[in-house]
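Encoded as structure tokens, the structure appears first; notes follow it.
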Amino acid sequence: MTTTITETHGVDPTPTPLALLLLGREADPNSERGVECPGDLPAASDPDLVERARAAKAALGDRVFILGHHYQRDEVIEFADVTGDSFKLARDAAARPEAEYIVFCGVHFMAESADILTSERQQVVLPDLAAGCSMADMATAEQVAECWDVLTDAGIADVTVPVSYMNSSADIKAFTGRHGGTICTSSNAQRALEWAFEQGQKVLFLPDQHLGRNTAVRDMGLSLDDCVLYNPHKPNGGLTAEQLRDAKMILWRGHCSVHGRFSVDSVNDVRARIPGVTVLVHPECKHEVVAAADLVGSTEYIIKALDAAEPGSKWAIGTELNLVRRLAKAHPDKEIVFLDRTVCFCSTMNRIDLPHLVWALESLVEGRVPNVITVDPETEKYAKAALDRMLALP
């Protein structure tokens, strides 16, 4: 149930009926449990929608500011005022106070972060409310509160500092803020962990186990034995009090449904097919994949690395396919391929398509504000405290 990269090493899938598994209906048995890409890729947009989008955006003028995450489709990125990762976009929105409406072409937790960082007079719009994040959904407020109770019972809560990845809900960011922790991105995770260990003896890392493990072990010299995995679906997280007391990194059992697909077999396969290739992966990939890669870095790191790469160089990129395709088009002088032969977009990111964007913009033109994302004041207060701690990191 897969489609393959063409033998010319391009990043586009072979156009067979199976390519409609771009977002997939089946689980990949070689990926982590729960890693699926449900649903079909929506049909190609009506060409008239491009003109409608342009007209609506022009009518709104400076009243609207459109943010486009790197993983969005090209048809959406075309209308973005700025592109970037989730935190960069939220900060860009906060830097445009004259915009009444922030249209966030990304996923739900990103729109929440934008609402937290922007002013009360600005309204954040998510074109499709179904655009969520499977990783963020893997840690609920109730589960994390229960985990903290487990740490308290083990006698270690007072020496544990929570560090939450930006890819988390506002509720989880607020939990982090209440308990003296900070937020991190994939770019500054090491500095955030260094800060956390200056404050306490242990870190509870939420919700992506891989970014936490890779940063601690690969970048900071901790061992795999220093890390334990807390499973919210098991009593006491599936851990004993002794295991919790011995650990330095308590990793939440969460992962990215796209980056979790990549395997060591993917790395070995691309090296066999493309001699001299440089394998560059995102730190949300599994630890063994990161260990097998040549380079590891955030989305922004990946973009900068390819911008600076020598003409004629060969690259296999382990991150979301929309971005890899866009990078390949932007650098025709370099050979850039998707790391895995199985094609899978981020299914929730792909819910934001041109029809949804046009609908949102035309609604604003007509005086209706659709799909407003609002974080309640109490949650916003503590979530912003955690974000502010991150911003204060040197």
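The values are calculated or read from the model by the stated rules, or taken from the named source; none is laboratory data. In this text the structure is predicted, and so the values were computed from the model without any measurement. All Cβ positions, glycine included, derive from the backbone under ideal geometry; neighbour counts span all protein chains shown. Side chains are part of the model used for accessible areas, which takes the heavy atoms of the whole protein and leaves out ligands, DNA and RNA. Shrake-Rupley method; radii C 1.70, N 1.55, O 1.52, S 1.80 Å.
Worth pointing out:
- Residue within the range 266-274 that is in a loop (DSSP other than H, G, I, E, B), over 18 Å from residue 214 (Cα atoms) and of a type outside the set (Gly, Ala, Ser) present: yes
- In the range 221-247, the residues that are farther than 16 Å from residue 165 by Cβ, of a type outside the set (Val, Ile, Thr) and within 27 Å of the chain's Cα centre (by Cα): 221, 222, 223, 224, 225, 226, 231, 233, 234, 237, 238, 247
- Enumeration of residues in the range 345-381 that are closer than 19 Å to residue 182 by Cβ and crowded, with 19+ Cβ neighbours inside 10 Å: 375, 379, 380
- Some residue of the range 330-344 being closer than 30 Å to residue 62 by Cβ, open to solvent by 30 Å² or more (accessible area, probe 1.4 Å) and more than 21 Å from the chain's Cα centre (by Cα): yes
- Condition check for residue 290: open to solvent by less than 30 Å² (accessible area, probe 1.4 Å), assigned to a helix (DSSP H, G or I), under 22 Å from residue 138 (Cβ atoms) and touching a residue at least 60 places away in the same chain (Cβ under 8 Å): yes
- Here the helices (runs of 4 or more DSSP H) wholly within the range 17-118 that include at least 2 residues being within 22 Å of residue 172 (Cβ to Cβ) and either at pLDDT 70 or above or basic (Lys, Arg) (or both) are 86-94, 108-117.
- Filter pass, residue 195 being open to solvent by 10 Å² or more (accessible area, probe 1.4 Å) and within 21 Å of residue 158 (Cα to Cα): yes
- Single residue of 294, 307 found to be touching a strand residue (DSSP E or B) at 6+ places or on another chain (Cβ under 6 Å) and of a type in the set (D, E, K, R): 294
- Top-ranked residue in the range 299-329 [being open to solvent by 10 Å² or more (accessible area, probe 1.4 Å) and of a type in the set (Gly, Ala, Ser); ranked as farthest from residue 258 (Cα to Cα)]: 312
- One residue from 228, 161, 144 being modelled with pLDDT of 95 or more, open to solvent by less than 30 Å² (accessible area, probe 1.4 Å), outside any helix (DSSP H, G or I) and closer than 28 Å to residue 114 by Cα: 161
- Looking across the range 293-324, the residues that are assigned to a loop (DSSP other than H, G, I, E, B), within 25 Å of residue 275 (Cβ to Cβ) and among the hydroxyl-bearing types (Ser, Thr, Tyr) come down to 313, 319.
- Every condition in (1) closer than 29 Å to residue 132 by Cα; (2) surrounded by fewer than 19 Cβ atoms within 10 Å (Cβ to Cβ) is met by residue 250 except one, and the failing one is (2).
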